[in-house]
1. What residue, of 94, 31, 80, 51, is surrounded by fewer than 12 Cβ atoms within 10 Å (Cβ to Cβ) and closer than 28 Å to residue 130 by Cα?
2. Can we say residue 21 is modelled with pLDDT of 85 or more, closer than 27 Å to residue 109 by Cα, over 38 Å from the mean Cα position of the chain (by Cα) and not in a loop (DSSP other than H, G, I, E, B)?
3. Output yes when any residue across the range 161-180 is out of contact with any helix residue (DSSP H, G or I) (no Cβ under 8 Å at 6 or more places or on another chain), surrounded by fewer than 19 Cβ atoms within 10 Å (Cβ to Cβ) and over 30 Å from residue 236 (Cβ atoms), and no when none is.
4. Out of all the residues in the range 36-64, which are at pLDDT 85 or above, farther than 13 Å from residue 12 by Cα and touching a helix residue (DSSP H, G or I) at 6+ places or on another chain (Cβ under 7 Å)?
5. Would you check if there is a residue in the range 193-214 being within 21 Å of residue 490 (Cα to Cα) and without any contact (Cβ under 8 Å) to a residue 12 or more places away in the chain?
6. Search the range 338-350 for residues that are touching a residue at least 40 places away in the same chain (Cβ under 8 Å) and pair each with any residue that is outside any helix (DSSP H, G or I) when their beta-carbon atoms are under 9 Å apart and the residues are at least 6 apart or on different chains.
7. Given the condition more than 26 Å from residue 118 (Cβ to Cβ), within 38 Å of the chain's Cα centre (by Cα), touching a residue at least 24 places away in the same chain (Cβ under 8 Å) and not in a loop (DSSP other than H, G, I, E, B), answer yes or no: does some residue in the range 44-56 qualify?
8. Does residue 291 fit the bill of being under 23 Å from residue 243 (Cβ atoms), over 23 Å from the mean Cα position of the chain (by Cα) and either part of a helix (DSSP H, G or I) or without any contact (Cβ under 8 Å) to a residue 12 or more places away in the chain (or both)?
């Protein structure tokens, strides 16, 4: 192609630019052949100016890639390249803005966001959102202009919002990929997987199931056994995590479809996926030895794949999330909690590692503007000095000192605000369980009940808790309460509220819920608690239950009345045999 197009002898600005781009692309290549092209003349600003006048979008994409490729070569692949690429790409963005071309500006911005991901993830998100509207759409015809297209931007934003624990935004961007893609797009199945995953993070299991069925149709139309297996397995996890046996016929049907797919085909693509599936099947069939072997194989396979992966930390994070969900389904909440903690720690480590690369020039906007103003002042000073010989060094020094004092005061104010905020948050939480305190809950309910929404309140009491304390000791009793709290937190929504009302009593506020929905959740909680029989502080095996009194608030705002009625219902549940929910009939 190089010979046919006579690129080597093209003396136009475009020809010189693209010879440099092609040569730079593989300049440091040692294992594979380099592009057979030779640079005959230097690359000058005049060449870029001519391309910018001719085609602003191509200019923006070509120069962005050239900046990136040169830095990768100069820094031998090290992320420290951002000290060179970020300032250069920011200057390119300003150049693109000067052309008045929105697509050219968006292209420069998306390349800048890619490098900012290593330096300042929050700024990277801002740049991607900034560029999103005018980015080129995905096309079968590849070019420099659409190398980073709108679907790529949506995918980056989806991943970023999941890491920041904003699954609703992650779902939005995953669905945007689906809506903007054609049926033959290879990214479609991954986008469906990500959208279902985001709904699971929000405990939106009904919507997740509906989307999984839609995704399955797409995967079947693409005639890909691997993609079909991925979506079916995702659907199975939705059924197992979200419905707890209530969809037994659909679970069996999904299992049959999964078993009909040749597992060798799946193993050839991803051994971890096949071992994870085997773990769920073994758990469903209650085959303990097979389950332990499958989980062990999954962990080993995951560790083996990390050695050759360029995205080691991302794969570790995904692995911990899958193990947390698996152990939660099995009912081993201690291990589920352990892997959930590791998942959160790895997320913190990933973002901390990114921010370590951050340079103050990337994030300190005030200092940058002050410095820009100072340089402008210097230009004026030079002009004045030529005229009357005056010097303003002392004034510049005063400006710098003033800026430093202001910066220190801002940092001190932020530190004091953060300290007070942390202190307030600690005061609102029960020290043992992490649930809200009674005082914090009641204050919150006063505001919530004024909204006049449909809502329910339940008062829960752990059955025979005194006997547990007497027989196994207070340490085990504390473990029962913390485990109970964790089970509740994992099931209720973020809009719901949980508090430790006193001793072994807990209060749950179900926002925007009717009595039927709230009772179903309470029954699920009792079922989940009954499956917990192993305790870390005793070798004895025993299960626990709770009784609860559930009240449909129905516009009532008097908290004393509500709590009194819940208490009466709770004791009715105790009298009727415990491990049940008592409520007034609707």
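The values are calculated or read from the model by the stated rules, or taken from the named source; none is laboratory data. The model shown is predicted, which means the values in this text are computed figures rather than measured ones. So basically every Cβ, Gly included, is an ideal-geometry build from the backbone, and we count neighbours across all protein chains shown.
1. Numbers: 31 fails: closer than 28 Å to residue 130 by Cα; 80 fails: surrounded by fewer than 12 Cβ atoms within 10 Å (Cβ to Cβ); 51 fails: surrounded by fewer than 12 Cβ atoms within 10 Å (Cβ to Cβ).
Going through 94, 31, 80, 51 in turn, the sole match is 94.
2. Numbers: modelled with pLDDT of 85 or more: yes; closer than 27 Å to residue 109 by Cα: yes; over 38 Å from the mean Cα position of the chain (by Cα): no; not in a loop (DSSP other than H, G, I, E, B): yes.
So residue 21 fails the test.
3. Scanning the range 161-180 turns up no residue that is out of contact with any helix residue (DSSP H, G or I) (no Cβ under 8 Å at 6 or more places or on another chain), surrounded by fewer than 19 Cβ atoms within 10 Å (Cβ to Cβ) and over 30 Å from residue 236 (Cβ atoms).
4. Filtering the range 36-64 down to residues at pLDDT 85 or above leaves 42-64.
Okay, now just the ones that are also farther than 13 Å from residue 12 by Cα, so 45, 52-53, 55-64.
Passing the criteria: 52, 56, 57, 58, 59, 60, 61, 62, 63, 64.
5. Keep residues of the range 193-214 that are within 21 Å of residue 490 (Cα to Cα), which gives 194-209.
Subsequent filtering for residues that are without any contact (Cβ under 8 Å) to a residue 12 or more places away in the chain retains 204, 207.
Scanning the range 193-214 turns up at least one residue that is within 21 Å of residue 490 (Cα to Cα) and without any contact (Cβ under 8 Å) to a residue 12 or more places away in the chain.
6. 347/164; 347/165
7. Residues of the range 44-56 that are more than 26 Å from residue 118 (Cβ to Cβ), as a first pass: 44-47, 49-56.
Now restrict to residues that are within 38 Å of the chain's Cα centre (by Cα): 52, 55-56.
From what's left, touching a residue at least 24 places away in the same chain (Cβ under 8 Å): 52, 56.
Narrowing the set further to residues that are not in a loop (DSSP other than H, G, I, E, B) leaves 52, 56.
For the range 44-56, residues more than 26 Å from residue 118 (Cβ to Cβ), within 38 Å of the chain's Cα centre (by Cα), touching a residue at least 24 places away in the same chain (Cβ under 8 Å) and not in a loop (DSSP other than H, G, I, E, B): present.
8. On the way: under 23 Å from residue 243 (Cβ atoms): yes; over 23 Å from the mean Cα position of the chain (by Cα): yes; either part of a helix (DSSP H, G or I) or without any contact (Cβ under 8 Å) to a residue 12 or more places away in the chain (or both): yes.
Here the answer is yes, as residue 291 does meet what is asked.
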